[in-house]
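Each value in this text was obtained by applying a stated rule to the coordinates, not by laboratory testing. Everything numeric in this text was worked out from a predicted model, so none of it was measured. Neighbour counts are summed over all protein chains in view; Cβ atoms, including those assigned to glycine, are modelled from backbone coordinates with ideal geometry.
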Amino acid sequence: MRVDADKVGATSDGNLVRKGLASYIRLGYVPGSASVTLEYESADYALARFARALGKKSDYDKFISRAWNWKKLYDPSTGYIQPRDTAGKWVEDVTPYTRAGYTEGSASQYTWMVPFDLKGLVKLMGGRHAAIDRLNRYFIHLNAGDTSPFAFMGNEPCEGDPWVYDYAGAPWLTQRVVGRIQDKLFTDSPSGIPGNDDGGALSSWYVFSALGMYPLVPGAGIYVLGCPLFPKAVLHLKKGTVTIIGRGAASGSPCVRSVKVDGRLWNKPWIRFSGISYGATLRFVLSSTPARKWGSSQADAPPSIR
C-alpha cells in the first residue's frame with residue numbers, strides 16, 4: 001500500500017530519500033537546515049492525513065507530531081524560522097537576507113512555509129495585524145531573488161505566500177497580491193514564466209490562481225480562495241462538473257464582493273474538495289473595490305493543523 005512505501009522513506013535510517021533523517025527524528029529538525037526541516041514536516045503532515053484516512057491511528061499520531069516540530073525552529077527574538085545546530089543552539093547571524101541553511105531562498109522567504117499551521121505561525125508573529133503588516137512589507141517586491149527579504153514568486157518555496165492573508169483575516173489582500181503577480185510576472189511571451197517551471201510548478205500556480213482557488217496545504221483536501229480571472233471556467237472532474245463564474249472578472253478587478261456555492265452565500269475564503277468533487281457552481285461577484293469584510297472573520301479562516 002502506498003502509505004507504507006511512503007512511511008519507509010520517512011522512517012528508515014540511512015535512506016537516500018531523506019538525508020539527515022536520524023537527526024530529524026531525534027531532535028525534531030535537521031541540524032543546519034531550516035528549509036529541509038520544513039519540507040520534511042510538510043511531507044509528514046500529508047502522510048499523517050493519509051494515514052488517518054486509512055484508519056492507521058498510530059501512523060497518524062507519529063507523523064502529525066513530527067509536523068508540529070516546525071515551532072522548534074521559530075526564534076521569537078528575530079521572528080524568523082531559522083536553523084539550529086545539533087546542540088540546539090541557533091545558527092548565528094541569521095538575518096532576513098540569509099541564504100545559508102535555506103535552499104534557494106532566504107530566511108524571510110522560508111518563514112512562511114508552514115502551510116499546514118499558518119494560524120499557529122500568525123499567532124507566533126504577534127497576531128493577525130502584525131502578520132498582515134509583515135506580509136505587506138514582504139510583497140513590496142514580487143520576484144526579488146533568493147537572498148532578499150522580499151517575495152521571490154519565481155521560486156517554489158514562495159508559491160503559497162500570497163494566501164497567508166486568508167489566514168490573517170485579509171482575503172482581499174490575497175486577491176490584490178495574486179492579481180499583481182499575474183499581471184506583472186506572467187506573460188504570453190516565450191519567457192513568460194518568472195522562473196524555472198520545474199515540471200509545471202509555476203504554470204500550475206498560474207492556472208489555479210486564475211481559477212480563483214489554490215491547493216495550499218498538502219494532504220488537507222481544501223482550496224484557499226482568491227479571485228477568478230475569467231468570466232467562466234468549467235472543470236470536468238471524475239464524478240461531476242465544477243463551474244466557476246466570475247461576474248465582473250478582469251485583470252483590473254481582483255477583489256471579491258461576494259461568493260455563492262450552489263446558490264448559498266459563502267463567506268469563507270476556503271472550500272473543501274469534498275464539497276465540490278461531485279459537481280458544484282461557484283459564483284463570484286468581483287469588483288476593483290475591495291470588500292474588506294468578506295471572509296475576514298477569524299471563525300471563517302481556513303483550518304490549520306489538526
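Just need a number here: residues in segment 237-268 that are outside any strand (DSSP E or B) and hydroxyl-bearing (Ser, Thr, Tyr).
Quick first cut of segment 237-268, residues outside any strand (DSSP E or B) only: 237-240, 248-254, 262-263, 266-268.
From what's left, hydroxyl-bearing (Ser, Thr, Tyr): 251, 253.
Looking only at that region, the number is 2.
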Next on the checklist: Just to be sure before I move on: is Ile271 touching a residue at least 24 places away in the same chain (Cβ under 8 Å), assigned to a strand (DSSP E or B), surrounded by fewer than 21 Cβ atoms within 10 Å (Cβ to Cβ) and under 18 Å from the mean Cα position of the chain (by Cα) in the structure I sent?
Outcome noted: yes
Checklist outcome for this item: Inside segment 33-90, the number of residues satisfying the requirement of being touching a Pro at 6+ places or on another chain (Cβ under 6 Å), more than 18 Å from Val17 (Cβ to Cβ) and either assigned to a helix (DSSP H, G or I) or small (Gly, Ala, Ser) (or both) is 1
Checklist outcome for this item: Among Val234, Val217, Val207, the single one that is part of a strand (DSSP E or B) and either free of Cβ contacts under 8 Å to residues at least 24 places away in the same chain or buried (at least 21 other Cβ atoms within 10 Å of the Cβ) (or both) is Val234
Next on the checklist: Return the residues of segment 280-306 that are surrounded by fewer than 17 Cβ atoms within 10 Å (Cβ to Cβ), among the hydroxyl-bearing types (Ser, Thr, Tyr) and in a loop (DSSP other than H, G, I, E, B); say none if nothing qualifies.
Outcome noted: Ser288, Thr289, Ser297
Checklist entry - On the given criteria, is Ser296 more than 23 Å from the chain's Cα centre (by Cα) and farther than 30 Å from Arg66 by Cα? => result no
Checklist entry - In this structure, does Leu229 turn out to be assigned to a strand (DSSP E or B), touching a strand residue (DSSP E or B) at 6+ places or on another chain (Cβ under 9 Å) and either over 27 Å from Ser296 (Cβ atoms) or not hydroxyl-bearing (Ser, Thr, Tyr) (or both)? => result no
Item to check | Matching entry among Arg134, Arg176, Arg128 (being farther than 27 Å from Pro83 by Cα and either crowded, with 21+ Cβ neighbours inside 10 Å or basic (Lys, Arg) (or both)) | outcome: Arg176
